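Following: one structure in structure tokens, then a few remarks.
Here, each number is a calculation from the coordinates, and none is a lab measurement. Only a predicted model underlies this, so the values are computations on that prediction, with no experimental measurement involved. No Cβ is skipped: glycine too gets one built from the backbone with ideal geometry, and neighbour counts run over all protein chains shown.
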Amino acid sequence: MVTENNPNVQPRPGLGELVPVHARDVWPNEARDFTPWLAENQKQLSAVLGIEIELDGTEHPVGQFFLDIIGRDLTNDCPLIIENQLEATDHSHLGQLITYAAGTDAKTVIWIATEFREPHRQAIDFLNDIAGENARFFGVEIRAVKIGDSSPAPLFQFAAKPNNWHAIVAGGAREAMSPSGTQLLYRDFWQQFLDTLHARHPGWTNARSPLTQNWLTLQYHAGSKINFLAAFGRGELVRFEVYIDTGDAERNLEIFKGLMSDRENIESELGSPLTWEELPESRACRIFASTAGQITDVTRYNDFIEYFISMYGLFRESITRRINTLSAQ
């Protein structure tokens, strides 16, 4: 029998009790406290969701309303939005969530609240059912807890998520662990490219993880609606592009035509002819520079890296300045 006087028995460490803390005691104001905190601690939410995210801006205007957070779902390479509510869910915020999703063309939509009422959890399930693979909606409950006199810690928990989400995430992980030959080439190239870009120009992109697809989103500016992409396109072309999407097809076309009216000067500054695509069947518009090449040209990877970095710098200077001016009009 083991007794408390046995010198060979180590004393058990004391276990503290997990104590809930009211969210408003940690983040008194949703806009001033919680939203900025989440933007700075996005990795905690990313770990819960099982996807890599990049949050770009807060209080983003959508019509006459303001979305809490806009960003990118880097795993699925699509716009992402977050609506925060430091209280139980209500119909008003559900309506705002759908309005913001439509206004930003978001494909990953996250609603964070301290409590999800059953009708709103069912609403998220319904949206996932009708969206299928075209979009994904998450209901996430935020709580705060502490042990004894420790500092409060955040606790994210799913209230609603896409059907078979855990299987989808696991399937994506398996695919990432066992990519095809071409996917391996893309991953290796993007890793080399990101390493070089971060070394030369810190701050030009928040992207860190190389993907196994033919394109890479470098930067998304919520305020100016600029999405820079590096890609291996069809027809054995290496392409650097700017993708214009304000959430309003007419406004996109106005900006596109505004840029096109200065086409000669822009192409002169970039030192290259550009391809201008109005994309009439899409809401967005696209402008890109290209050169010959494909991912299997492994001996030319250094050339492709230099091309992407050079074009990125030129696009940042020439295109960004003009789009910001046009967006303000």
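Think of it as helices only: each DSSP H run of n ≥ 4 in the chain is worth -39500 (n - 2.57), and spread over all residues that comes to -12000 deg cm²/dmol at 222 nm.
Within segment 237-303, list the GluC sites (Glu not before Pro) lying in a DSSP loop whose Cβ has at most 10 other Cβ atoms in a 10 Å radius. Qualifying residues, ordered by number: 281. Along the axis of the charge dipole computed for the chain (Cβ charges of +1 for Lys and Arg, -1 for Asp and Glu, origin at the Cα centre), the listed residues 252, 44, 226 are led at the positive end by 44.
Evaluate Rg over Rh across segment 179-328, taking Cα atoms for both radii and Kirkwood's formula for Rh. Value, to two decimals: 0.96. Between 235, 258, 71, which gets the highest mean-square fluctuation from a Gaussian network model of the chain, Cα cutoff 10 Å? Its mean-square fluctuation being the largest, the pick is 235.
Taking the square roots of 5 times each eigenvalue of the Cα gyration tensor of segment 18-173, largest first, gives ellipsoid semi-axes of 23, 18, 16 Å.
If only the Cβ of Lys and Arg carry +1 and only the Cβ of Asp and Glu carry -1, the dipole of segment 179-328 around its Cα centre is close to 360 debye. Placing +1 on each Lys and Arg Cβ and -1 on each Asp and Glu Cβ, with no other charges, gives the chain a dipole about its Cα centre of roughly 420 debye.
Its Cα centre serving as origin, segment 18-173 has a Cβ charge dipole (Lys and Arg +1, Asp and Glu -1) of approximately 260 debye. Phi-derived couplings, Karplus 6.51 cos²θ - 1.76 cosθ + 1.60 at θ = phi - 60°, listed residue by residue for segment 79-90: x, 10, 10, 9, 10, 9, 8, 7, 6, 5, 4, 9 Hz, with x used for Gly and Pro. So how far, in whole Å, is the C-alpha centre of segment 269-329 from the one of segment 18-71? Using only Cα atoms to place each centre, the spacing works out to 32 Å. Under the criterion of Cα pairs below 8 Å and six or more residues apart, the relative contact order for the chain equals 12 percent.
Pairs of C-alpha atoms in the chain farther apart than 31 Å represent 42 percent of all such pairs.
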